[in-house]
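Just below is one structure, and these are the notes that go with it.
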Amino acid sequence: MRVLIVSQYYPPEAVPLPADLAQGLAARGHQVKVLTGFPNYPTGKVFPGYRQRWRSTERYGAVEIRRVPLFADHSQSALKRMLNYFSFAFSSATARRLSRGADVVYVYATQMTAGFGPWLWRVTGGRPYVLHVQDLWPDSIVGSSMMAGGTKERVISGALGPWLRSAYKRAAGVIGIAPTMVSTLVSRGVPEDRAHLVYNWADAGEPVESVLPAADAPRAEIVYAGNVGDMQDLGTAVRAAHAAADAGVTLTLVGDGVVKADLQALVGELGADNVRFQDPVPRERMPEIYARADYALVSLKDMPVFRGTIPSKFQAVLSAGVPVVTTVQGDVRRLVEDGDVGLTADAESVASLEAAFRSAAARTTDERAAMAERGRTMYDTHFSRESGISRIEELLSAAAKGTSRRR
């Protein structure tokens with residue numbers, strides 16, 4: 001196949017899945033091109049070494065990467081964030097000529113606006129497209145703090161609703177990343193035979209070997225690695241860790257984002273000496289981060305939209321062979337509890353997360369190792385890179401041939 005991948009985010013931004021898919025498909029003999037923006041996530045500033053212009057082309061192995069301009073921003077301003085999303089939507093839509101050389105278009109829909117160009121091309125007789133939905137819209141934006149206020153929510157929902165229904169209807173396939181998300185997509189107009197479940201994956205490296213001593217006394221080194229953003233509810237984690245300091249709990253936040261300064265101020269206000277911050281690290285250095293952790297935190301705010309999502313951080317933790325502590329409700333909580341791969345807590349509840357931290361600190365070394373082993377088995381069974389790419393390859397092939405099958 002000739003495949004065009006459309007994604008607002010692409011390496012060197014720390015969003016690995018679209019690049020994994022591009023390289024994976026190319027390795028299987030497909031011709032792959034990528035349409036993306038200039039890298040600026042998560043800082044909202046264009047990365048050093050890049051200068052925005054109308055078109056920029058680079059190659060990585062067999063994959064051609066075409067970059068188009070956008071309004072770089074990742075602030076808490078609703079207007080600026082919308083400009084970020086919609087500027088990429090419109091600038092990518094002007095690259096129709098690129099799509100004409102493809103048999104099928106794959107859309108990595110962290111923001112549904114990435115699908116605007118493929119939708120417009122299809123409406124006017126262009127190539128079929130497959131949507132890979134990472135966040136349900138408009139739920140994930142109208143529920144954020146930057147959209148607080150009934151008028152903003154009504155305007156955004158009213159404007160996006162009709163287009164989203166049309167985008168779902170015209171897609172040759174729509175992929176959800178969790179069972180609840182798939183059922184929600186069907187309830188919102190995705191034909192059932194075009195709705196598919198494909199779990200996100202993480203790098204399948206060898207499970208890390210801990211560099212920590214055996215837990216002779218109650219202790220839990222807990223690490224959070226990723227976007228330090230508003231939706232991750234890390235303020236609750238800081239307060240819970242501070243409350244559980246006497247149990248030997250420490251929390252390290254690795255990464256950057258819009259609320260990092262606020263969290264640092266909160267740590268100072270609380271006097272939380274057991275909470276530390278570390279700058280972002282490249283993907284290849286994550287094993288050493290996890291090797292210094294007893295547990296990894298996966299957290300999100302208590303919003304209905306998050307009950308039907310599985311953050312890619314969850315798969316990364318399972319792959320690394322580290323037990324999980326999570327506040328993500330719905331599908332993630334069920335997976336953790338049913339698989340006994342970690343501990344769970346209620347979202348946005350300091351008391352519940354403090355209790356989970358204390359329970360984590362009290363677990364024996366053998367108990368932790370058993371949870372980690374079960375987590376790695378869960379990853380190999382459900383979340384491996386090869387199985388995910390194979391399933392997406394099948395769906396793209398079906399779309400290119402004008403068929404849509406549901407397994």
Contact list please: Cβ distance under 6 Å, first residue in segment 333-349 and closer than 14 Å to Ala360 by Cβ and without any contact (Cβ under 8 Å) to a residue 40 or more places away in the chain, second residue assigned to a strand (DSSP E or B) and among the aliphatic types (A, V, I, L, M), pairs at least six apart or on different chains.
Val336/Val324; Val341/Val324
If Arg55 passes every condition in (1) among the charged types (D, E, K, R); (2) in contact with a strand residue (DSSP E or B) (Cβ under 8 Å, 6 or more places away or on another chain); (3) within 26 Å of Gly161 (Cβ to Cβ) but one, which one does it miss?
(3)
Across segment 336-370, the tally of residues that are farther than 16 Å from Arg219 by Cα and not hydroxyl-bearing (Ser, Thr, Tyr) stands at 13
If you take the residues of segment 292-336 that are at pLDDT below 90 and of a type in the set (Val, Ile, Thr), which of them is nearest to Ile175 (Cα to Cα)?
Thr309
Within the bounds of segment 2-17, is there any residue that is in a helix (DSSP H, G or I) and either under 20 Å from Leu164 (Cα atoms) or not basic (Lys, Arg) (or both)?
yes
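Residue-wise test of (1) closer than 17 Å to Ile156 by Cβ; (2) touching a residue at least 60 places away in the same chain (Cβ under 8 Å); (3) touching a Leu at 6+ places or on another chain (Cβ under 8 Å).
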site	(1), (2), (3)
Ala72	no, no, no
Arg81	yes, yes, no
Phe86	yes, no, no
Thr94	no, no, no
Within segment 28-51, the residues that are of a type outside the set (S, T, N, Q), over 17 Å from Val68 (Cβ atoms) and either crowded, with 22+ Cβ neighbours inside 10 Å or out of contact with any helix residue (DSSP H, G or I) (no Cβ under 9 Å at 6 or more places or on another chain) (or both) are Gly29, Val32, Pro42, Lys45, Pro48, Gly49
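Kindly indicate whether Gly339 is in the same structural domain as His242 (by TED's automatic domain parsing), in contact with a helix residue (DSSP H, G or I) (Cβ under 7 Å, 6 or more places away or on another chain) and at pLDDT below 95.
On the way: in the same structural domain as His242 (by TED's automatic domain parsing): yes; in contact with a helix residue (DSSP H, G or I) (Cβ under 7 Å, 6 or more places away or on another chain): yes; at pLDDT below 95: no.
It is false that Gly339 is in the same structural domain as His242 (by TED's automatic domain parsing), in contact with a helix residue (DSSP H, G or I) (Cβ under 7 Å, 6 or more places away or on another chain) and at pLDDT below 95.
Any idea which residue in segment 52-66 is surrounded by the fewest Cβ atoms within 10 Å (Cβ to Cβ), counting only those that are over 17 Å from Val105 (Cβ atoms) and of a type in the set (D, E, K, R)?
The extreme case among them is Arg59.
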Hits in segment 11-34 (condition: of a type in the set (Lys, Arg) and either at pLDDT below 95 or in contact with a strand residue (DSSP E or B) (Cβ under 8 Å, 6 or more places away or on another chain) (or both))
Lys33
Tally up the residues in segment 285-318 that are surrounded by fewer than 19 Cβ atoms within 10 Å (Cβ to Cβ), in a helix (DSSP H, G or I) and touching an Asp or Glu at 6+ places or on another chain (Cβ under 9 Å), please.
3
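The values are calculated or read from the model by the stated rules, or taken from the named source; none is laboratory data. Fair warning: this is a prediction, and the values are worked out from it, not measured in the lab. Every residue, glycine as well, gets a Cβ built from its backbone with ideal geometry; the counts of neighbours run over all protein chains shown.
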